[in-house]
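A short write-up of the structure that comes next.
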Amino acid sequence: MNSFNDFGLAEPITRALAQEQYTTPTPIQADAIPIVMTGRDLVGIAQTGTGKTAAFALPILQRLSAGHQRGSRAHAKPRALILAPTRELAVQIEESFRTYGKHVHLRHTAIFGGVSQHHQVRALQNGIDILVATPGRLLDLVKSNALRLGEVEFLVLDEADRMLDMGFIHDIRKIVAKLPAQRQTLLFSATMPREIAALAASLTRPAHAVILTASLRGAPRRARDYRPFCCSANEGTFQPNPRPNPCRA
């Protein structure tokens, strides 16, 4: 994919990208966006700076806008949930959704700790399609019945290794237990320690998962730098699928 126009994104999304002068996708965007558009789960081993936010934000905006249903005004029922380890990253991701989706009629907000819940609850009560959240504040709002997770179609865990380091692993499992079993899961991590591999294996559908690894090195892309392949879960690890060219199947 040499252009964002090659992905089949809706005109309002490509118009927003053009206004931001985004023309050529990064390697992770070029490979991840078509995969996410098909509904497959994805595990991305990617550092900050590889363009991973757009790699999941653009296809989520595309798929949600294609089947848009306005959220309930009585209760917040997000259709996409993005978990981030810090307030700063949550705000950054929500701003990206705002930029890419400014011509798409979807509602989004970010919730995080360290501030009053009042304005966050008001935003949720107005209805929300895309929610970016830190795990602790998310659970607080779920416990207070200010938020329901029963209609989540997309789950994204960004910087999962940082969430592990910060002790959020148990909160993540509590959150996942409240989500529908039928959903698309995308997990991004700069590293893949055993704990993250086990988490990824437990959250993704083995027959449908794809692993992408991306480096910060520039073009030309090389196989050892960036390798997509399907995978299956086995004792908390991911094993390459032996089928030839599985990601094109």
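The table below gives the values:
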item: Options V132, V176; residue that is more than 21 Å from L106 (Cβ to Cβ), of a type in the set (V, I, T) and touching a strand residue (DSSP E or B) at 6+ places or on another chain (Cβ under 8 Å); result: V176
item: Hits in the range 9-50 - residues which are under 30 Å from P206 (Cα atoms), of a type in the set (V, I, T) and either at pLDDT 95 or above or not in a loop (DSSP other than H, G, I, E, B) (or both); result: I28, I33, I35, V36, V43, I45
item: Scope the range 107-160; condition among the small types (G, A, S), closer than 25 Å to I45 by Cβ and not in a strand (DSSP E or B); matching residues; result: A160
item: Filter pass, T109 being without any contact (Cβ under 8 Å) to a residue 24 or more places away in the chain and over 18 Å from R63 (Cβ atoms); result: yes
item: Exclusive hit being closer than 22 Å to T109 by Cα, touching a residue at least 60 places away in the same chain (Cβ under 8 Å) and of a type in the set (V, I, T), set T48, T14; result: T48
item: Pair list, Cβ < 6 Å and 6+ apart or interchain, from the range 184-208 residues that are modelled with pLDDT of 85 or more to residues that are among the basic types (K, R); result: F188/K52
item: Qualifying residue in the range 82-99 (condition: of a type in the set (S, T, N, Q), in contact (Cβ under 8 Å) with a residue 40 or more places away in the chain, in a loop (DSSP other than H, G, I, E, B) and within 30 Å of I196 (Cα to Cα)); result: yes
item: Evaluation of V176 against (1) more than 30 Å from P34 (Cβ to Cβ); (2) among the β-branched types (V, I, T); (3) modelled with pLDDT of 95 or more (one fails), failing number; result: (1)
item: Boolean, L216 is surrounded by 20 or more Cβ atoms within 10 Å (Cβ to Cβ), in contact with a Gly (Cβ under 8 Å, 6 or more places away or on another chain), closer than 24 Å to Q47 by Cβ and modelled with pLDDT under 95; result: no
item: Residue in the range 84-143 that is surrounded by the most Cβ atoms within 10 Å (Cβ to Cβ), counting only those that are under 18 Å from G51 (Cα atoms) and among the aliphatic types (A, V, I, L, M); result: V132
item: Complete set of residues in the range 161-193 that are under 23 Å from A55 (Cα atoms), touching a Leu at 6+ places or on another chain (Cβ under 7 Å) and part of a loop (DSSP other than H, G, I, E, B); result: L179, R183
item: Residue match in the range 135-149 (condition: within 30 Å of R15 (Cβ to Cβ), out of contact with any Lys or Arg (no Cβ under 7 Å at 6 or more places or on another chain) and of a type outside the set (S, T, N, Q)); result: no
item: Residue count for the range 194-207, restricted to those that are surrounded by fewer than 17 Cβ atoms within 10 Å (Cβ to Cβ) and in a loop (DSSP other than H, G, I, E, B); result: 1
item: So L61, is it surrounded by fewer than 24 Cβ atoms within 10 Å (Cβ to Cβ) and either part of a helix (DSSP H, G or I) or within 14 Å of the chain's Cα centre (by Cα) (or both); result: no
item: Given (1) assigned to a loop (DSSP other than H, G, I, E, B); (2) farther than 29 Å from P135 by Cβ, index of the condition D6 fails; result: (1)
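The values are calculated or read from the model by the stated rules, or taken from the named source; none is laboratory data. Because the structure is predicted, anything quoted here is derived from the model rather than measured. Positions of Cβ are backbone-derived with ideal geometry, glycine not excepted, and every protein chain shown enters the neighbour counts.
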